[in-house]
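The values are calculated or read from the model by the stated rules, or taken from the named source; none is laboratory data. The structure presented is a predicted model; accordingly, all values stated were derived computationally and were not measured. Using ideal geometry, Cβ is built from the backbone for each residue, glycine included, and neighbour counts are taken over all protein chains shown. Remember, those area values only see protein heavy atoms, side chains included, never the ligands or the DNA or RNA. Shrake-Rupley method; radii C 1.70, N 1.55, O 1.52, S 1.80 Å.
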Amino acid sequence: MASLVIDIGNTYTKTAIFEQDELIYTQHYKTLDTNILDNFLTTYPIDKAIISSVKKASEEWEAGLKEKTQLIYFNAGMTRGINNHYRTPQTLGLDRLAAVIGAHYLYPGKNNLVIDGGTCITYDWIDAGGNYFGGSISPGLKMRYNALNHYTSNLPMVNTDNVFENNSGDDTETAILSGVQNGVKFELNGFIESYSKNKNELNIILTGGDSIFFDTLLKNSIFAPCIKIEPHLVLKGLNAATQEHND
């Protein structure tokens, strides 16, 4: 049998089909509807589904999914074997929780630093014993470029440049590229160095839309051998949570 994982974000809804731990299909949608779900249910032998959502209101298609599967709503109490020491667990973003669950599930017995490059950049560390104490949130790449353009009168809008590697810029556009991209690189290295002190076998797990770009920023760092790219880490964490629900 298969599991359907649905992660409803502010912009996109990400979906995945798992057979046990194996990810066999994934897709994201601007809007999920009944027709898409019916196609999933007729194509795959889905018996259970899990929804993680940033929205408070239910979607119209949820009632139909509840009738046809064992539907689970991901919440702060579903920890899948980790010890959550976050002081306000109800305010912890479900995507961050799912990511650390996924990291500990995929790499048990290891110290894992999860770096999620999306709208924001989040840093979350879970130790080898499964203890999670929290992390850090900073502006993402696009947010930094947008802020420079929005909050000034003369700075232009600049987009990420995958081939820019200079230490400084020689005009306004390249100065912005240098400030943002080198700033993120220094931030990444700084956080990784801080978390790696006195910790053996630290995994650096990159996920999110900017994970590949972050990998290029870190390619020449001493931490490069420790890096693992898991673009579907949140979905894998949610799938692990469905297995906890049936344990």
Practice prompt. Return yes or no: is Thr91 closer than 23 Å to Thr207 by Cα, open to solvent by 60 Å² or more (accessible area, probe 1.4 Å) and free of Cβ contacts under 8 Å to residues at least 12 places away in the same chain?
Written response: yes
Response to the item:
Residue hits (the range 20-55; assigned to a strand (DSSP E or B) and surrounded by 14 or more Cβ atoms within 10 Å (Cβ to Cβ)) are Leu23, Tyr25, Thr26, Ile46, Lys48, Ala49, Ile50, Ile51, Ser52, Ser53
Practice prompt. Working only within the range 56-78, note down all residues that are open to solvent by 50 Å² or more (accessible area, probe 1.4 Å), outside any helix (DSSP H, G or I) and either of a type in the set (A, V, I, L, M, F, W, C) or touching a Ser or Thr at 6+ places or on another chain (Cβ under 6 Å) (or both).
Written response: Ala57
Worksheet, complete the sentence: Across (1) in contact (Cβ under 8 Å) with a residue 40 or more places away in the chain; (2) open to solvent by less than 50 Å² (accessible area, probe 1.4 Å); (3) of a type outside the set (Phe, Trp, Tyr), Gly135 clears everything bar (1)
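Residue by residue, here is whether (1) under 19 Å from the mean Cα position of the chain (by Cα); (2) farther than 25 Å from His28 by Cα holds:
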| residue | (1), (2) |
| --- | --- |
| Thr174 | no, yes |
| Asn203 | yes, yes |
| Lys219 | no, yes |
| Phe223 | no, yes |
| Gly237 | yes, no |
| Gln243 | no, no |
Response to the item:
Going through the range 168-215 in order, the residues found to be more than 29 Å from Trp125 (Cβ to Cβ), in a loop (DSSP other than H, G, I, E, B) and open to solvent by 50 Å² or more (accessible area, probe 1.4 Å) are Ser168, Asp170, Asp171
